[in-house]
Amino acid sequence: MLHDAKVFVEPRVPAITGTAVAFMPYSEEARDVQDWAFDMSSVSVVVLAKCQDQLAWLRNRKVEFDFVVVDIEHVGGVHAAVELCLGIRAECPNSRIILLSDDAERDDFGSERIAICDATFKKPLTHSRFTEALIR
């Protein structure tokens, strides 16, 4: 007689493909994010380190990005990042926005921030924490 055995299956990263833009300094961390995102999820990440007007840049692209990563300190602080994110929500309503910050106390996926972003990560960003956010 066969018994039904419960099998533990590790949660998998959802199948995600697409394009992303990251408004962050081009650094070892940015290169790591690019390599990891493509290797794990086939997401191509464009790092835009120098840009005077991010919203104009997004408006002029023929592609809508699936993800937009915003480094708060890189874009000029919290107020500038909030304004940028609100603009991104208006210009690219289907894009998921991820904030990165040195000053965040912890990672935050709370729905109270949804008008501004989908998730906030305390820097430095790690693969395991980003994967956890995708699973949520």
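Values for this structure:
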item: N94 versus Q52: modelled label distance in nm, points set 7 Å from Cα along the beta carbon direction; result: 3.1
item: Filtered GluC sites (Glu not before Pro), region 40-108: DSSP coil and at most 15 other beta carbons within 10 Å; result: E64, E105
item: Inter-label distance, nm, simple model (7 Å from Cα along the C-beta direction), E28/E112; result: 3.6
item: FRET E, pair R61, S128, Förster distance 30 Å, beta-carbon r, rounded to 0.05; result: 0.45
item: Rounded if a/c under 1.5, otherwise prolate or oblate - region 19-135, Cα gyration tensor axes; result: rounded
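A short reminder: the numbers here are calculations on the coordinates, not readings from a lab. Note that the structure is a prediction, hence the values are computed from the model and not measured. Glycine also receives a Cβ, built like all others from the backbone with ideal geometry; neighbour counts cover every protein chain displayed.
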